[in-house]
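K.L.:
Okay, handing you the structure first.
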Amino acid sequence: MRSRPGATMFVAAVVCIVAGIAVAVGALDEIVVQLKWVHQAQFAGFYVALERGYYAEENISVTLVEGGAGIDAMQQVISGVAEFGVAAPEKLIWASNFGSPVLAIATVFRLNPTVFISLQSSGIKRPSDLAGRSAAVLGVDEFETQLRAMFNRLGLDIDQAELVPHTYDLTGFYVGEVDSIAVYSTGGLIRSRQAGHELNLIWPDDYGVHLYSDTIITTDTLIDENPGLVTRFLRATLRGWRDAIEDPEAAVAITLNYARESDDELQLAMMYASLPLVHTGRDQIGWMRAEIWESMHEMLLAQGILDQPADLSSVYTMQFLHEIYGETP
Amino acid sequence: MRLRVKAPLIFLVLALLPAAIIAVISFRAGQRTIELNVMEHLASTTLLKQDELERWINDISRQLEFLARSQLSEDTAQLILLGPEVLNGNAASNHLIDEYLDPSIQVRGGFLTISILAASDGRILVSTDPDLEGKYRESEPFFLEGLASTYVQNVSFSQTLERAVMHISTPLTDSTGDVFAVLVGHPDFAEISKIMRQGFSLDTSEDTYLVNAFNFFVTEPRYGEGYALQKAVRTAGVDAALAGETGAATYEDYRGALVIGAYQWIPELELAILTEVDQAEAFAPIVQLRNTIFAFAAGVALLALLLGVFVSRTVTRPVLQLVRSTEIVGQGNLDHRTGIKIRDEIGQLASAFDQMAADLQETTASRDELNQEITAHLQSLEKLRRRDEQLGAAQRIARLGSWEWDIAHNKTLWSDEMYRIYGVSPEQFDVDAYEGFMSFIHPDDRQLVAHTMETALSNKEPFRIEYRIVRPDGVVRNIAASGEVVCDESGEPISMLGASQDVTERKRAEAERLFVEEQLRQGQKLESIGTLASGVAHEVNNPLMAMINYAELLKDEPEGDEIAQYADGIIKEGNRVATIVRNLLSFSRQDTEAHSPADIKDIIDASLSLTGAVLRKDQITVELYVPDDLPKVKCRSQQIQQVVINLLTNAHDALNERYPDFDEDKILSITVLPLEKDGATWVRTTVEDRGPGIPEHLLGRIFDPFFTTKPRDIGTGLGLSVSYGIVTEHHGELTVESEEGSYTRFHVDLLVNNGWTVMDREATG
């Protein structure tokens, strides 16, 4: 009789294990995540979560689909090709006025990596210095919006600057074809510095333009019908990002399994550049603040991109971050 | 294991064990003490550092507040009234920088940059870092909080500066008390790291560092560079501190090195502060102590080992010598002595051993003598045994038993052969006394025996006697005994000694010889009778034939019926006589007869013709059953006739014994029947009488020679024996069945073809 509690516990353990396996096998959710751009360190947290089995632990089978020119992550999510996506927050606000059925559930980059660079020799230090100079932003909404927002914020006339089409190739900038060009601190900035150029930087953040970047989005429908899945996906993703921040080298090693540009030095630099944007020293990873959303909203309104105020509650939700972290940022 | 090895090992273990236990206990105790001391020290260091950090932050906050309450405030207020554009790197802003901000930094230290932010929009109006001017900080906590009071903002990443920075802010108020600007300073982060390091010498691994709520380093740890806000740290200490705990523990630090660490959470700064020292360093003194103890233990062990070797040698050497001596003595060399002269217990043992060897030497000598005696004794015993065996064998061969009768105690002692002669086993039968012996004597001879014994006793003379005994199985044996009387000094007989011999065989041989002689005489008599008979027969035959012929002639005469009737009578009786004569002739010729197929009926008729007269005389009814179609039997018919006559004679005697006069049961029957037996055809002739029968116990012996139940004057005891021989010779079987008081039945079974050929005649004839 003495062995009965032990036996009971053993049976219970077996039942639990069997049940656990049954659940794990039976209820594996298959989802597709549409990334914003091609595979690179920018999405390191996703790769880490996948490779280290964090999604599997949450009973999710994840397929990461890279983006690229012509692929709109938000559109992919809306059309149902992907369940989750990585998209620009300002597009979310803009689209909400058209009844877009997607919501941001967290943001990966809490500081926008966008920076306007100019050669030190150009003497351009402030947005006002761009008067009469050329700036390559056209064609990339995110860049143009931020430039306009800065000008707007500083009370400058955007027409004083000469806006020219943006080229992903920086060669023209290096030779002075354009005076200024918008790049990401996690990409173009690194390459330019690697190329040995002395640069002046204009950060939109310094001029009252605060934009999140790479928000994680999903559909209203999924949130309504399967909030558990959303929580599980977000939890695993944030865990992956946390790992990536704490061990950037390992994160880059994993990233290299996906990245097309298997330049590990570049990817590592990109990773290090991303760290303070993901983890700023304020708030938990992925956390969103209402004032930033409001500021983004105002910016879009001020620029006339939004012709009428949007309802921010249909743009983002803190439901899942609260679920994961609690109420404290 | 040998003692030589065991003893030093035991000494070694005895020496090492307590040393090891003491070493372990003292090491553990020392380690624990040091651990506690170090933890206490680290905790106080941590408190001290925290105190210093807070004081430092307080100091620079005060510095900033002091600056805010200086003339700066008034000057700035005036400048702002002129409009923001005047401040963009012009002389007005330079005035503020040169007059107030730069001196504050340079004189007091602590700040890297100090800036003045417009309260209205968070724009940096003036800054010691010109690059910052014109930028906005409208949503930063240090700006928003700084509008109200002095505020310390935790370390965060500055995109503009591309590094982690801390902010302290304080409001600038005009004469009316309205806040019109915020004074913000970036404390020199290196200062904090410096404070953390302060007081630690280079030769210690002791270190204090700060970690923020997100597990990231805030100050540079001793063994890392560029860790601040770049590297996360997850150790037991950090996790405990982030959980709000204050304490100390041993764990692996960010390098994976074992450390003792004290940790504490500073809620006001939202920072964890940790002070750690490497265990290797902390435990160095105790390790030294441990090494000392080990060295000491090794010394003690060596000493113990030497002692053990010495002790074992003093013990094992004489012991080995003893062992060698034991082997030598054991091999028989009793002259050997150990030669050990020590006073201790082993010495006693050795001298006891020597004494033992000496004693052994003595006893060995007497033992040898004893052995010789024993050998001689055994040899004589063996001789005796063989003599006894010889005697026994001689007695057995001679059928001669010896005996002794102890008269005084009435006990008899028989030799083995005696028991064999008397047909009993010593265990089976009690012949202890004279009476026991007498019970064996044939009743007819008891008186003779008793008389002989008495005579011998009274005359004290030797005696010789022959008598019969009846064995328990009923067999009668003839014994020849002789003995003599033994007397004591007074001439009183005390015992009788003698020998008895079974002389039955001799007696039988004697009887046989007598019988053969008798037979010979009988044979000669018969032969002469035969010769006489054949002569008479020849003589009788011729006149008999003439008589019969005459009677035939007479019968043919016409004189009258009466004459013919007489003639018939003469012829009939004459023929009978002729038959008798012929049978007599053929019987007397038997030895020369060959075998030939014969009709049993003829044989029986011939037999009856010879015995019929006797049977009739004694009024015996003869019943005869002989079928006509019997097969002929290959035999010597005269011999078979002799058998049949014998059986008829026996039957006649038996019937006469039972019925001396006429009786209607006085019947002798002869039956002949064919018989199939063993796959051959036989003819069985059965002669049965209703006489007294044969007792069952005698049935097996009736075919023995000289066995007879008849009075001596009637039977020779040879009839059935001879008959049995004849039938057996014919490959036939002679068997008997009888019931006492009812009947006796003899069966003569003869093979129709017994396999005899003409050649056998010579062989068997």
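Computed from the coordinates by the stated procedures, all read-outs in this text should not be read as laboratory data. For clarity, every value in this text was computed on a predicted model and none was experimentally measured. Positions of Cβ are generated from backbone atoms using ideal geometry, with glycine treated the same way; all protein chains shown enter the neighbour counts.
K.L.:
Mind ordering B:686-698, A:137-149, B:15-27 by average Cβ neighbours within 10 Å, highest first?
P.N.:
Most protected by this proxy first, the peptides run A:137-149, B:686-698, B:15-27.
K.L.:
Take segment B:111-234, drop everything but the C-alpha atoms, weight them equally and run the Debye formula without solvent; then report log10 I(q)/I(0) at 0.21 Å⁻¹ to two decimals.
P.N.:
Log-scaled intensity ratios, in q order: -1.13.
K.L.:
Further question on the same structure: Can you bin every Cα-Cα distance in the protein assembly as shown into 10 Å intervals starting at zero and give me the percent of pairs per bin, rounded to whole numbers?
P.N.:
Final binned percentages: 2, 7, 10, 10, 8, 6, 4, 3, 3, 3, 3, 4, 5, 6, 7, 7, 6, 4, 2, 1, 1, 0, 0.
K.L.:
Using helices alone, I'd like the mean residue ellipticity at 222 nm for the protein assembly as shown: each DSSP H run of four-plus residues gives -39500 (n - 2.57), total over residue count, nearest 500.
P.N.:
Rounded to the nearest 500, it is -16000 deg cm²/dmol.
K.L.:
May I ask for the Rg/Rh ratio of chain B, computed from Cα atoms with Rh as the Kirkwood radius, given to two decimals?
P.N.:
1.73
K.L.:
So what is log10(I(q)/I(0)) for segment A:190-252 at q = 0.21 1/Å, when the Debye sum runs over its Cα atoms only?
P.N.:
-0.99
K.L.:
Per-residue mean of other chain beta-carbon atoms within 10 angstrom of the beta-carbon, peptide B:648-660?
P.N.:
On the way: counts 0, 0, 0, 0, 0, 0, 0, 0, 0, 0, 0, 0, 0.
For peptide B:648-660, the averaged partner shielding equals 0.
K.L.:
Rounded if a/c is under 1.5, else prolate if a/b is larger than b/c, else oblate: which is segment A:142-287, with a ≥ b ≥ c the root eigenvalues of its Cα gyration tensor? Before the final figure, lay out each step's value.
P.N.:
On the way: a/c = 2.23, a/b = 1.38, b/c = 1.62.
Oblate, since a/c reaches 1.5 and b/c is not below a/b.
K.L.:
For a quick check: sort B:731, A:166 by the number of other beta carbons within 10 angstrom, fewest at the front.
P.N.:
The order, fewest Cβ neighbours first, is B:731, A:166.
K.L.:
Mind sorting B:473, B:568 by how few other Cβ atoms lie within 10 Å of their own Cβ, fewest first?
P.N.:
B:473, B:568
K.L.:
Binning at 5 angstrom from zero up to the longest distance, how are the C-alpha pair distances of segment B:112-165 distributed in percent?
P.N.:
4, 20, 28, 32, 14, 1
K.L.:
If the viscosity is 0.692 mPa s and the temperature 37 °C, what translational diffusion coefficient in µm²/s does Stokes-Einstein give for segment B:186-314 when Rh comes from Kirkwood over Cα pairs?
P.N.:
Reported coefficient: 191 µm²/s.
K.L.:
In debye to the nearest 20, how big a dipole does segment A:114-207 give about its Cα centre with +1 on each Lys and Arg Cβ and -1 on each Asp and Glu Cβ?
P.N.:
Dipole of segment A:114-207, to the nearest 20 debye: 260 debye.
K.L.:
Give the peptides B:331-343, A:54-66 in descending order of average Cβ contacts within 10 Å, highest first.
P.N.:
The most tightly packed comes first, giving A:54-66, B:331-343.
K.L.:
Cross-link candidates for residue B:666: which lysines have Cα within less than 22 Å, leaving aside residues fewer than 8 places away along the same chain?
P.N.:
Within reach: B:617, B:710.
K.L.:
Once you average over the residues of B:147-159, how many Cβ atoms of partner chains fall within 10 Å of each Cβ?
P.N.:
Values: counts 0, 0, 0, 0, 0, 0, 2, 2, 2, 6, 9, 7, 13.
The mean count of partner-chain Cβ atoms within 10 Å per residue comes to 3.
K.L.:
Would you list which lysines come within 22 Å of residue B:632, measuring only between C-alpha atoms, while excluding same-chain residues fewer than 8 positions from it?
P.N.:
Qualifying lysines at Cα under 22 Å: B:601, B:677.
K.L.:
Cut-off under 18 Å on the C-alpha distance; same-chain residues fewer than 8 positions from residue B:572 excluded. Which lysines are left, in chain and number order?
P.N.:
Within the straight-line cut-off, residue B:572 pairs with B:555.
K.L.:
Additional query: For chain A, with equal point scatterers placed on the C-alpha atoms only and solvent neglected, what are the log10 I(q)/I(0) values from the Debye formula at q = 0.08, 0.09, 0.12 1/Å, to two decimals?
P.N.:
For the requested q values the scattering log ratios are -0.41, -0.51, -0.85.
K.L.:
Hey, another quick one. Are there DSSP H segments in chain A that both extend 30 Å or more along their axis (alpha-carbon positions) and score a mean Kyte-Doolittle hydropathy of at least 0.5? List them, or say none.
P.N.:
Span-like helices here: A:4-26.
K.L.:
Please report Rg over Rh for segment A:114-207, where both radii come from the alpha carbon positions and Rh follows the Kirkwood definition.
P.N.:
0.92
K.L.:
For chain B, what proportion of DSSP beta bridges, expressed in % and rounded to the nearest 5, is antiparallel?
P.N.:
Counting DSSP beta bridges with both partners in chain B, the antiparallel share is about 95 percent.
K.L.:
Just order B:368-376, B:744-752 by mean Cβ neighbour count inside 10 Å, highest at the front, would you?
P.N.:
Working: B:368-376: 9.4, B:744-752: 20.9.
The peptides rank, most packed first, as B:744-752, B:368-376.
K.L.:
Considering only DSSP beta bridges whose two residues both sit in the protein assembly as shown, what percent are antiparallel, to the nearest 5?
P.N.:
Antiparallel bridges: around 85 percent, rounded to the nearest 5.
K.L.:
Over all residues in B:139-146, what is the mean tally of Cβ atoms on other chains that come within 10 Å of each residue's Cβ? Before the final figure, lay out the partial values.
P.N.:
Values: counts 8, 1, 1, 0, 0, 1, 0, 0.
Mean partner shielding for this stretch: 1.
K.L.:
Return P(r) of segment A:28-70 (all Cα-Cα pairs; 10 Å bins starting at 0; whole %; ordered from short to long distances).
P.N.:
Once binned at 10 Å, the Cα pair distances of segment A:28-70 give 29, 52, 17, 1.
K.L.:
Tally the DSSP beta bridges in segment A:114-207 and give the antiparallel ones as a percent, rounded to 5. Please list the in-between numbers first.
P.N.:
Details: 8 of 14 bridges.
Approximately 55 percent, going by the DSSP bridge assignments.
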